[in-house]
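Asks: Here it is, the structure, as structure tokens.
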Amino acid sequence: MTRGMCNSLNRYPVTLDLRFRGLRIRRFNVAKPFASRISSLSNATRCILPAVCVFLFAIEAEAQIQVDLKFKRLQYIAYEPVMATLAITNLAGRDIELHDAEGQAWFGFEVTGSEGQPIAPTATGSTQTPLKIEAGQKVTQRIDLAALYPVHDFGTYHVRAHIYFVDLGKFFYSASRVFEVTDARPIWQQTVGIPDGVAAPGDARTYSLLSNRFPDHTSLYVRVQDRDTGIVYATYSLGRTIAFEQPQAEIDRANQLHVLHCAAPRAWTYSRVGLNGELLGHSSFMETKTRPRLVRSANGEVAVRGGIIEAPAAQTKPARETAPKLSDRPPEMPRDNR
């Protein structure tokens, strides 16, 4: 560089804006002698670069595991399954294994109630099955939150999922999600005894049909409970229903519940429910020249007469695989906290 060039730099103020990956490090005024400014720039770079590297490493570490939590809807009926969809994305750049360590479960939820009170899980100390996730892979699981936490009382609940990554010794969290627990409008109820030879605890069952109106549709629910002990064996939706059509309900000789309800114009849904809340059968009928209806014969058998079957009755997965133990008895029926 010639003396004239240096004099020119000294005569006219010039600014130099140094950026590193979009991060402004320092703004220099090079109106002073050029050699002095180059020295200052070199010193600043030596000081700032380590800090920038630590900052970028911290961002990378925070993003090693991404946790997403979603609920299908915002409102649930007391004691029905509250299905959460949990997605875990491995951004570590290598295969990882999530597993319990030193008494810390690798997966869990943080649940708080309407007044911000923490909700403890119904069972503690259980181990989680390890989960291996390949680099860049996204694993999705559906979890019934109501089976893990007592979220049966009426009110609003806030939920956040967390993943503990042993390799880093740190937690990764999802965004907080909200859902509300309410109750539906009862439209029919019947209490029956437990027949001899039936594997069902207790002496009686109460079947209830409930109707709940959502923003875009109305659903028909069934609830099976032992009112004497307070145990609710199952609460779940039988599907959409037309509000002005009253569902038909019959009890057969085995004290199982049969329900026929109008799901859409000229479309009917038939369901058969067991004493422990199992959904034993589910099929659809179309109204033709005759309208489907439930008929109970003299010997106590119940069947659908009229219409034409659209989907044959099939064995479906029970709402609950086994009846809950007496130790699983909820403390009381839901109460209105609103």
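Asks: Limited to region 75-113, what total is found for residues that are more than 13 Å from the chain's Cα centre (by Cα) and either of a type in the set (A, V, I, L, M, F, W, C) or closer than 30 Å to residue 154 by Cα (or both)?
Replies: Let us first name the residues in region 75-113 that are more than 13 Å from the chain's Cα centre (by Cα), namely 77-79, 88-107, 112-113.
Applying the additional criterion that residues be either of a type in the set (A, V, I, L, M, F, W, C) or closer than 30 Å to residue 154 by Cα (or both) yields 77-79, 88, 91-92, 96, 98, 101, 105-107, 112-113.
The total comes to 14.
Asks: In region 236-289, how many residues are assigned to a loop (DSSP other than H, G, I, E, B), in contact with an Asp or Glu (Cβ under 9 Å, 6 or more places away or on another chain) and either of a type in the set (Ser, Thr, Tyr) or surrounded by fewer than 16 Cβ atoms within 10 Å (Cβ to Cβ) (or both)?
Replies: Here the count works out to 3.
Asks: To continue, here is another question. Can you name every residue in region 91-114 that is farther than 22 Å from residue 68 by Cβ, open to solvent by 50 Å² or more (accessible area, probe 1.4 Å) and touching a residue at least 12 places away in the same chain (Cβ under 8 Å)?
Replies: 114
Asks: If I ask for residues that are among the charged types (D, E, K, R) and within 30 Å of residue 183 (Cα to Cα), which ones from region 65-101 would you list?
Replies: Selection gives 68, 70, 72, 73, 80.
Asks: May I pose another question? Report, by residue number, each residue of region 118-136 that is more than 27 Å from residue 76 (Cβ to Cβ) and surrounded by 13 or more Cβ atoms within 10 Å (Cβ to Cβ).
Replies: Within region 118-136, just 133 meets the criteria.
The values are calculated or read from the model by the stated rules, or taken from the named source; none is laboratory data. Everything numeric in this text was worked out from a predicted model, so none of it was measured. So basically every Cβ, Gly included, is an ideal-geometry build from the backbone, and we count neighbours across all protein chains shown. Ligands, DNA and RNA are stripped out before the accessible areas are found, and what is left, the full protein with its side chains, is counted by its heavy atoms. Shrake-Rupley method; radii C 1.70, N 1.55, O 1.52, S 1.80 Å.
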